[in-house]
Amino acid sequence: MNRYHLVHVTEFHYDGPVSESYNEVRLRPMHDDKQSCLSFRLSTSPESRGTAYRDSCGNWVHQFNILKEHTRLKIEAESVVLAHETPTPTAADERLADVRQRRDEFFEDYFDYIAPSVFVPHLQQLEEIIRSAEQSSDGGTVTFVQAASDLIHQRFKYVKGATHVNSSIVDSLSVGAGVCQDFAHLLLGVVRMGGLPARYVSGYLVPGSTAEPNAKQEEVIGGQASHAWAEVFVPDAGWMPFDPTLGNPVGLRHVRIAYGRDYGDVAPVRGVYKGHAGQRLSVDVRVRPALDDEGREQLSKTNAAPQEATPHKERPQQQAQQQ
């Protein structure tokens, strides 16, 4: 059974009273033919009443305000998701050279997902990866994207703290390292410059059994917290997912929350507040997978490392980098 219970808790601790906090969150899982969001609950402390709408990418956005003075804000999102077995696209892998001839068509239909963005500028440094991916593929579109994903996985080291939440691919290229947010951005840059639309995906990677060979690797690279990967539009096949951080196919344990041009479109929590108090952010993600072989429910509790307390006078709420 591919049924998961997810709890995502974000807490802001202020070193003094703040007020008039205005926030929006993107934490409700997607509901489509690949996964069903069976339930969703959002609560805050201090308590608030909010509204919800869908943004231009189709993501659920919840907004709420805390007007009175407070020194702590806790946001808890709880959901139950059922992942579906879906057939793998079987369309012929069209030649990349032919697909590139449709660039004008892509700009018309998918402009936001092929044009450069804040986190994913088009850089000359990416051209070498593009050439290498072309050389190691057989000229097909899917094989080109897979080769690019593999190259990023092999060449860049997963290092927490190598970049920060507002880093673009300039930073990860300069240090040769990053986290899943950076790896997804790198793949977006390569693929978009290669002539294909591509979008950022935020979500979770449900931890596998500790007996599985990749379980320890997934624990290290963010499988126990928020995760990010990319989807590329392939003609006649649709949107196909690639995970350059894991280096493995995207499967039933990848739970999707939101799509966007880059991380800037899908930040789980974003807000502003009135006051000069500094803040400290912590994020906790808990995942309850399906029943085990003996019919018992498995509970895996994980904590994303809290960011260091760095009091400042900026009013925007801090954001958590996707690990």
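The table below lists the values:
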quantity	calculated
Residue match in the stretch 8-25 (condition: under 17 Å from residue 269 (Cα atoms), assigned by TED's automatic domain parsing to the domain that holds residue 78, among the aliphatic types (A, V, I, L, M) and outside any strand (DSSP E or B))	no
Matching residues in the stretch 151-164 - criterion: being in a helix (DSSP H, G or I) and within 14 Å of residue 185 (Cα to Cα)	151, 152, 153
Condition met for residue 111 (surrounded by fewer than 13 Cβ atoms within 10 Å (Cβ to Cβ), modelled with pLDDT of 95 or more and among the hydrophobic types (A, V, I, L, M, F, W, C))	yes
Unique residue being out of contact with any Lys or Arg (no Cβ under 8 Å at 6 or more places or on another chain), closer than 30 Å to residue 319 by Cα and among the polar types (S, T, N, Q) when the list is 117, 167, 132	167
Those strands (runs of 3 or more DSSP E) lying entirely in the stretch 28-142 with at least 3 residues under 26 Å from residue 240 (Cα atoms) and within 26 Å of the chain's Cα centre (by Cα)	35-45, 70-83
Single match in 204, 200 (criterion: among the aromatic types (Phe, Trp, Tyr), under 11 Å from the mean Cα position of the chain (by Cα) and either farther than 17 Å from residue 185 by Cβ or at pLDDT below 60 (or both))	204
Answer from 283, 287 - the residue that is under 15 Å from residue 180 (Cβ atoms), modelled with pLDDT under 95 and part of a strand (DSSP E or B)	283
Pick from the stretch 114-159, criterion among the hydroxyl-bearing types (Ser, Thr, Tyr) and under 19 Å from residue 260 (Cβ atoms), ranking: surrounded by the fewest Cβ atoms within 10 Å (Cβ to Cβ)	117
Of the criteria (1) in contact with a Gly (Cβ under 9 Å, 6 or more places away or on another chain); (2) crowded, with 23+ Cβ neighbours inside 10 Å; (3) among the hydroxyl-bearing types (Ser, Thr, Tyr), which one residue 263 fails	(1)
Unmet criterion (only one of (1) assigned to a strand (DSSP E or B); (2) surrounded by 20 or more Cβ atoms within 10 Å (Cβ to Cβ); (3) at pLDDT 90 or above) for residue 246	(1)
First in the stretch 116-145 and within 20 Å of residue 163 (Cα to Cα) and not assigned by TED's automatic domain parsing to the domain that holds residue 180, second anywhere and of a type outside the set (A, V, I, L, M, F, W, C) and crowded, with 17+ Cβ neighbours inside 10 Å, Cβ under 8 Å, 6 or more apart	none
Extreme residue, farthest from residue 323 (Cα to Cα), among residues of the stretch 207-239 that are modelled with pLDDT under 95 and of a type in the set (Val, Ile, Thr)	234
Of all residues in the stretch 182-211 being touching a Leu at 6+ places or on another chain (Cβ under 8 Å) and of a type in the set (Phe, Trp, Tyr), the one that is surrounded by the fewest Cβ atoms within 10 Å (Cβ to Cβ)	204
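A quick yes/no check of all residues on (1) surrounded by fewer than 14 Cβ atoms within 10 Å (Cβ to Cβ); (2) modelled with pLDDT under 95:
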position	(1), (2)
1	yes, yes
19	yes, no
47	yes, no
52	no, no
62	no, no
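The values are calculated or read from the model by the stated rules, or taken from the named source; none is laboratory data. Worth saying up front: this structure is predicted, and the values here are computed from it rather than measured. Reconstructed Cβ throughout: ideal geometry from the backbone, glycine too, with neighbour counts over all protein chains shown.
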